[in-house]
Amino acid sequence: MKRILVCEDEDAIREFVVMNLKRIGYDVMDVACGEDALAAFDAAGGNFDIVLLDIMMPGIDGFTVCKKLREKSSTLGIIMLTARSQEMDKVSGLMMGADDYITKPFSLSELTARVDAIYRRVCMSFIKDEKSPIIHSGPFSLNLKSRTVTKNSTLIELTQVEYQIMEYFLNNKNTALDRASILDHIWGDGYFGDDKIVDVNIRRIRMKIEDEPSNPKYITTIWGYGYKWNDQ
């Protein structure tokens, strides 16, 4: 069963989301605050595929909940709900480990498209790839079966989005990839957001893999275009 935890303190929005996610086949649990979200997650043994998480809530805010949930699971899909005026909040949420964000007010079609896209990505984390299992590049090894990346044999903790970006780069070494192609490959055609989500995820990956994230050696920026993976 597709399980999703909805954490939203505004009753009308929460009821709208819960009703429509149930209608398309999700098993939904809903809570109204961050404390209850963490308690529900732990009580269920982490048995959720996705958490839909509002940022501005009484008590523990969405950023803190997102960070704590990401520490508990790298495969969990996390979608932040943000107000249109909270541009920096979108970036902050992604840097905390969220996979995506939805800006309020949002349509039913946008909600279902984004949730379904994240669910497909979560499912991919459990699919074992039977082709050549290891891709090597310099000190990095990407294991297609375990969906893990190591640097000098040390495991790098990546979210599923970060892993997919790394896989895309390592399958296209020394090739300039524009933001649109990265966005389409990772988030899929018809993504409602903008390509800023690509830049934030690249920043997050650099912090994990580069010796000097401010002076990247492996993922370099092609100004006005996108990024390139440098095979060392």
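Regarding the range 19-29, can at least one residue be identified that is over 12 Å from residue 5 (Cβ atoms), surrounded by fewer than 15 Cβ atoms within 10 Å (Cβ to Cβ) and in contact (Cβ under 8 Å) with a residue 40 or more places away in the chain? So far as the range 19-29 goes, yes, one or more of its residues are over 12 Å from residue 5 (Cβ atoms), surrounded by fewer than 15 Cβ atoms within 10 Å (Cβ to Cβ) and in contact (Cβ under 8 Å) with a residue 40 or more places away in the chain. Do we find that residue 159 is of a type in the set (Ser, Thr, Tyr), under 20 Å from residue 71 (Cα atoms) and touching a residue at least 60 places away in the same chain (Cβ under 8 Å) in this structure? For residue 159, the condition - of a type in the set (Ser, Thr, Tyr), under 20 Å from residue 71 (Cα atoms) and touching a residue at least 60 places away in the same chain (Cβ under 8 Å) - is met.
Evaluate the following for residue 30: is it touching an Asp or Glu at 6+ places or on another chain (Cβ under 8 Å) and modelled with pLDDT of 95 or more? Answer is yes for this residue.
Listed conditions (1) surrounded by fewer than 17 Cβ atoms within 10 Å (Cβ to Cβ); (2) touching an Asp or Glu at 6+ places or on another chain (Cβ under 6 Å) are all met by residue 188, apart from (2). From the list 8, 35, the lone residue that is closer than 16 Å to residue 78 by Cβ, assigned by TED's automatic domain parsing to the domain that holds residue 67 and either among the charged types (D, E, K, R) or without any contact (Cβ under 8 Å) to a residue 24 or more places away in the chain (or both) is 8.
When only residues in the range 83-117 that are of a type outside the set (A, V, I, L, M), surrounded by 16 or more Cβ atoms within 10 Å (Cβ to Cβ) and modelled with pLDDT under 85 count, which is nearest to the chain's Cα centre (by Cα)? Ranking the candidates gives 93 first.
When the range 204-232 is filtered for residues that are of a type in the set (D, E, K, R) and over 19 Å from residue 142 (Cα atoms), only 212 remains. Counted as qualifying within the range 59-124 are no helices (runs of 4 or more DSSP H), as none has 1 or more residues that are touching a residue at least 12 places away in the same chain (Cβ under 8 Å), of a type in the set (Lys, Arg) and in contact with a His (Cβ under 9 Å, 6 or more places away or on another chain).
The values are calculated or read from the model by the stated rules, or taken from the named source; none is laboratory data. What you see is a predicted model; the values in this text were computed from it and never measured. All Cβ positions, glycine included, derive from the backbone under ideal geometry; neighbour counts span all protein chains shown.
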